[in-house]
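Written below as structure tokens is the structure these notes are about.
The values are calculated or read from the model by the stated rules, or taken from the named source; none is laboratory data. All values derive from a computational prediction rather than experimental measurement. Backbone-built Cβ (ideal geometry, glycine too); neighbour counts: all protein chains shown. These area figures cover heavy atoms from the full protein model, side chains too; ligands, DNA and RNA do not enter into them. Shrake-Rupley method; radii C 1.70, N 1.55, O 1.52, S 1.80 Å.
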Amino acid sequence: MKKLFLLVIGLVALTACNQQKEKAKDEAYAQQRDSLFRVIAQKDNEINDMMSTLNDIEDGFRAVNEAENRITVVRRDEGANATERIRESMQFIQVTMQQNRELINKLRSQLRQSSVKGDQLRRTLDNLTRQMEEKDAQVKQLMAELQAKNVQIEELNEQVADLSTDVSNLKEETVQKSQTISSQDKQLNTAWFVFGTKKELKEQQIIKDGKVLQANFNRDYFTKIDIRVDKEIRLYSRSAKLLTSHPASSYTLEQDASKQYILRIQNPQLFWSTSKYLVVLVK
């Protein structure tokens with residue numbers, strides 16, 4: 001009887017042990033599955049954001065083409081009414097072109113920060129840059145033709161140079177500015193950010209003994225940004241906490257459709273005034 005009792009106890013213990021092992025396996029699988037879903041959701045969100053920006057750029061080019069066609073038709077007419085319509089169309093083109101420049105810069109920033117590293121996206125960005133160059137040249141030629149026919153658009157005369165300022169000419173603009181702006185300007189507008197789990201930040205000495213950025217931390221682990229351009233940082237986590245000190249009124253932490261946090265810097269000068277290093281703890 002005693003042997004039978006011991007045998008039953010042994011079987012029960014073995015069953016419980018096997019159940020614990022199976023439970024541990026199930027939990028590990030669930031964690032791997034959730035991690036994979038997060039990665040997929042992250043990439044989907046990034047692609048959707050970039051495609052939205054790309055569609056806005058293409059809509060802008062379409063609108064500019066339509067405005068150019070309107071000018072071509074109106075130029076056949078004469079009188080104050082025709083001149084006014086040409087003036088309105090040229091103003092619309094100027095505003096839309098500037099919006100497209102800003103959108104192309106935004107797309108470049110999104111691609112730089114994205115975990116989606118695709119050659120096709122970079123080729124698309126290069127193609128948009130070429131389109132911008134070609135469209136700027138067309139608008140400049142149109143302005144010259146209008147002026148040659150004494151169609152004066154006073155509001156735009158002082159802005160003709162702006163029409164030639166496109167993404168591909170930013171290098172030239174930078175050279176011109178560098179003649180009046182010292183090298184310190186770049187340093188003043190440069191900052192670094194990093195986000196990671198507590199374990200990751202500890203491994204890089206970013207957190208040590210409960211303190212942030214006190215030890216000889218790994219600076220190469222940070223991402224370098226231009227505070228004038230990079231005002232939105234995706235954190236790809238449903239939990240986010242700033243460990244460095246930044247004025248609360250200068251930023252917001254918002255969740256996207258997947259409940260993942262996005263840091264939006266509303267006042268860059270104020271935000272980075274206390275520290276040029278940003279550390280965010282995520283889970």
Q.
I'm trying to understand the selection: among the residues of region 113-136, which are under 27 Å from Phe193 (Cβ atoms) and modelled with pLDDT under 75?
A. Gln113, Ser114, Ser115, Val116, Lys117, Gly118, Asp119, Leu121
Q. When region 147-161 is examined, which residues are found to be touching a helix residue (DSSP H, G or I) at 6+ places or on another chain (Cβ under 7 Å) and either at pLDDT 75 or above or part of a helix (DSSP H, G or I) (or both)?
A. Glu155, Leu156, Val160
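Matching residues to (1) at pLDDT 75 or above; (2) open to solvent by 40 Å² or more (accessible area, probe 1.4 Å); (3) farther than 30 Å from Ile225 by Cα; (4) not acidic (Asp, Glu):
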residue	(1), (2), (3), (4)
Lys3	no, yes, yes, yes
Leu6	no, yes, yes, yes
Lys21	no, yes, yes, yes
Leu36	no, yes, no, yes
Ile47	no, yes, no, yes
Thr53	yes, no, no, yes
Ile57	yes, no, no, yes
Gly60	yes, no, no, yes
Q) For Lys241, all conditions in the list (1) in contact (Cβ under 8 Å) with a residue 24 or more places away in the chain; (2) in contact with a Pro (Cβ under 8 Å, 6 or more places away or on another chain); (3) more than 16 Å from Ser109 (Cβ to Cβ) hold save one; what is the number of the exception? A) (2)
